[in-house]
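These notes concern the structure reproduced below.
The values are calculated or read from the model by the stated rules, or taken from the named source; none is laboratory data. All values derive from a computational prediction rather than experimental measurement. Neighbour counts are summed over all protein chains in view; Cβ atoms, including those assigned to glycine, are modelled from backbone coordinates with ideal geometry.
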């Protein structure tokens, strides 16, 4: 496991378009349909990463809370399943069902979408405004496996709160997410 931070990119980039299968039901879903009508949180996660596993219940709670606020949440897994089979489509479906994901869990088999978003780690978070411009690339919260900080989603929740209130998300002070590197082919 290589500890990897979110790639530092200038904010304001357009959300790359995609069409990917949802692990829950196999339906092809597009960014156009998933990102319409409001802010959107795009998170790159996977089944096996201890950083994602550590946050998983918090991510589900966050997704449920965001649904109630009209905020879109999308999870994408891009890991190479030839080296990490536990991140494969059938395992993604099982995890999404077990945890009752309130968001789609999409499979980026080609890894083209992870590259388009410049995702580097799991978990990796980007938040887009209603115009699909990136306003945040950072951590869920400061909790990490073994550091005894509770999982709250504090950082991501603060960003969404500002957006829902119609306020600007400051670019300064965004702390990169940290986790396992995406398992590239």
Is it the case, given these coordinates, that residue 50 is closer than 25 Å to residue 143 by Cα and under 14 Å from the mean Cα position of the chain (by Cα)?
no
Please find, within region 157-169, the residue that is surrounded by the most Cβ atoms within 10 Å (Cβ to Cβ) out of those that are free of Cβ contacts under 8 Å to residues at least 60 places away in the same chain and assigned to a helix (DSSP H, G or I).
159
Leading residue by the ranking (surrounded by the fewest Cβ atoms within 10 Å (Cβ to Cβ)) among those in region 18-28 that are within 19 Å of residue 91 (Cα to Cα) and touching a residue at least 60 places away in the same chain (Cβ under 8 Å):
24
Which condition number does residue 100 fail, the rest of (1) closer than 17 Å to residue 159 by Cβ; (2) at pLDDT 95 or above being met?
(1)
Is it fair to say residue 8 is surrounded by fewer than 16 Cβ atoms within 10 Å (Cβ to Cβ), touching a residue at least 60 places away in the same chain (Cβ under 8 Å), under 18 Å from residue 181 (Cα atoms) and touching a helix residue (DSSP H, G or I) at 6+ places or on another chain (Cβ under 9 Å)?
no
Looking only at region 145-156, count how many residues are surrounded by fewer than 15 Cβ atoms within 10 Å (Cβ to Cβ) and touching a residue at least 40 places away in the same chain (Cβ under 8 Å).
1
